[in-house]
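We did not get these values from a lab; they are worked out from the coordinates using the rules stated. Predicted model, so just to flag it, every value in this text is computed and none were measured. Glycine gets a Cβ as well: all are built from the backbone with ideal geometry, and neighbour counts include every protein chain shown.
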Amino acid sequence: MPPRLLSLPVCEQRRQVLWKKQKKNGLLSVLKLKKPVSKRQSTMSPQIIKPYNIVILTGAGISAESGIPTFRAADGLWENHRVQDVATPEGFMHDPELVQRFYNERRAVLHSDNIKPNAAHEALARLQREHKGKVTLVTQNIDNLHERAGSTGVIHMHGELLKVRCVETDHIYDWEGDVTAQSRCTCCTPANWLRPHVVWFGEIPVGLEEISDAMDDVDLFVAIGTSGNVYPAAGFVSEARAMGAKTIEINLEPANNNHLFNDGLYGLASEKVPQWVDSLLSET
Ligand SMILES: NC(=O)c1ccc[n+]([C@@H]2O[C@H](COP(=O)([O-])OP(=O)(O)OC[C@H]3O[C@@H](n4cnc5c(N)ncnc54)[C@H](O)[C@@H]3O)[C@@H](O)[C@H]2O)c1
Ligand SMILES: [Zn+2]
């Protein structure tokens, strides 16, 4: 059964309540809260359905069928390494060579012939092209498969494998190959070390402000292939609900925070995501 799509009236009611409250408090200009649809579109034909805003959060599960293993496999290891060793600032300080080698290997994998976007990445790119409202794509993935499928403006909240940054200035560089013992930045004199542009545990994710802006007028929030273990991403569903948005989980199996979703579609991302996108585009 395709999910029942966002009920506009419910969401609109919530927006109207918020709008009235902010108007009363004289906060409209500060919060930039939009007029409810009924006021914005009062002169429009009733057949026109407001294009609504979708925020999508993807995790490692969407790339699993593209040949990139997920993180929290049953053994709790990431590609046979303890997470503390390869995904924390302490791990990097303790053994920078091991950490650079780990990310060099991950980067090299992205260039192998057998790694390519799957039908789920492609369906989301199609949704971005064809949906009339705003589609904000936030990913926890550090791979480039959304971009390779044609998605644009992807917010990589945990960084990107194909980028490195200066340890001193945080200047970001595109980086396709290995980081070697000789690799240095060009932003400092003397030149400094480079580190993977990846958000490790204990570090602040990238793009939180942009994500928060998207959440301000979210109507539908969809989490795909994420275990609901890693915060703040695991908390986005609650923020979306607080804004009156409908929430859907698409995953192999229910995630830890699954009780927070209105609907769940369970199975392979390569099957469930295209089905969901088809049904959504046919209804809007
Ligand atoms: N592709 C990548 O870039 C990549 C890969 C591994 C880990 N990571 C990093 O590890 C962290 C992992 O957290 P996470 O929640 O994204 O992933 P996770 O590995 O913790 O969870 C993966 C989720 O995907 C589901 N899943 C597995 N195969 C699936 C499929 N074929 N279809 C649909 N769902 C499937 C699992 O049931 C699970 O819920 C992130 O911070 C990310 O930066 C990234
Ligand atoms: Zn520098």
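Here are a few things to note about the model shown:
- The string of couplings for the range 95-111 from the Karplus curve (6.51, -1.76, 1.60, θ = phi - 60°) is 8, x, 5, 4, 5, 4, 4, 4, 6, 4, 5, 4, 5, 4, 4, 4, 8 Hz, one whole number per residue in order, with x for Gly and Pro.
- Peptides 219-225, 250-256 ranked from most to least packed, by the mean per-residue count of other Cβ atoms within 10 Å: 219-225, 250-256.
- Straight-distance crosslink candidates among aspartates and glutamates, where the alpha carbon sits under 13 Å from K116 and sequence neighbours closer than 8 are dropped: E65, D143, E147
- Test item: Cα-centred dipole of the range 154-284, Lys/Arg +1 and Asp/Glu -1 on Cβ, debye: 420
- Extents of the range 152-284, taken as max minus min of Cα coordinates on every principal axis and listed largest first, are 56, 30, 29 Å.
- Ranked list, fewest to most other Cβ atoms within 10 Å of each Cβ, for K132, K246, K272: K132, K272, K246
- Taking a ≥ b ≥ c as the square roots of the Cα gyration tensor eigenvalues, the range 108-209 comes out prolate, since a/c reaches at least 1.5 and a/b is larger than b/c.
- Relative exposure of F236, F92, F201, judged by other C-beta atoms within 10 Å (fewest first): F201, F92, F236
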